[in-house]
Amino acid sequence: MKPFAKRIWTVSIPVSNFDKSLAFYRDQLGLKVQLDGRMFNWMELGPDEPLCKIGLYEWKEGIPRGYPIITGITLDTDDIQALHASLSKGGTRFPNLPKQQPWGGWSADFLDPDGNSLNVVQDPQHYNRQ
């Protein structure tokens, strides 16, 4: 049998401080801490297995870091307007506000406390569109 990759396990984001990042990813976005490996400079947040997680690591001196980091991460939500209101109230910046897209769904871009860019989509018809 030919070996193959069976899933995307984690995507990683460099952060400046785990506690500050937990306040954002756990407390504001509502992602569950799945692995707290700070002693190894690693944390994972997200849904239970087998779904993909966001991995956080603190960048240290000597670890390359450019600005901004466009993570390529797209989160899914049932109510993009409510998420936008909640995150904005907490001080989250949105370079691209929620906007209905030509393909029918809604999309917005926002920044975490370290300036990492994430995307959020509300698109209940995503897999039903032809």
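The values are calculated or read from the model by the stated rules, or taken from the named source; none is laboratory data. A quick note: this is a predicted structure, and the numbers were derived from the prediction, not measured. FYI the Cβ positions are ideal-geometry reconstructions off the backbone, even for glycines, and counts take in every protein chain you see.
Taking segment 82-130 as the range and being in contact with a Pro (Cβ under 9 Å, 6 or more places away or on another chain) and touching a residue at least 40 places away in the same chain (Cβ under 8 Å) as the test, the residues that pass are Thr92, Leu111, Asp114, Gly115, Asn116, Ser117, Val120, Gln122. The set of residues in segment 98-130 that are at pLDDT 95 or above and loosely packed, with under 14 Cβ neighbours inside 10 Å comprises Lys99, Gln100. Remark: Asp36 matches the filter, which requires a residue to be part of a strand (DSSP E or B) and either surrounded by 13 or more Cβ atoms within 10 Å (Cβ to Cβ) or without any contact (Cβ under 8 Å) to a residue 60 or more places away in the chain (or both). Restricting Gly72, Gly46, Gly30 to residues that are small (Gly, Ala, Ser) and surrounded by 13 or more Cβ atoms within 10 Å (Cβ to Cβ) narrows the list to Gly46.
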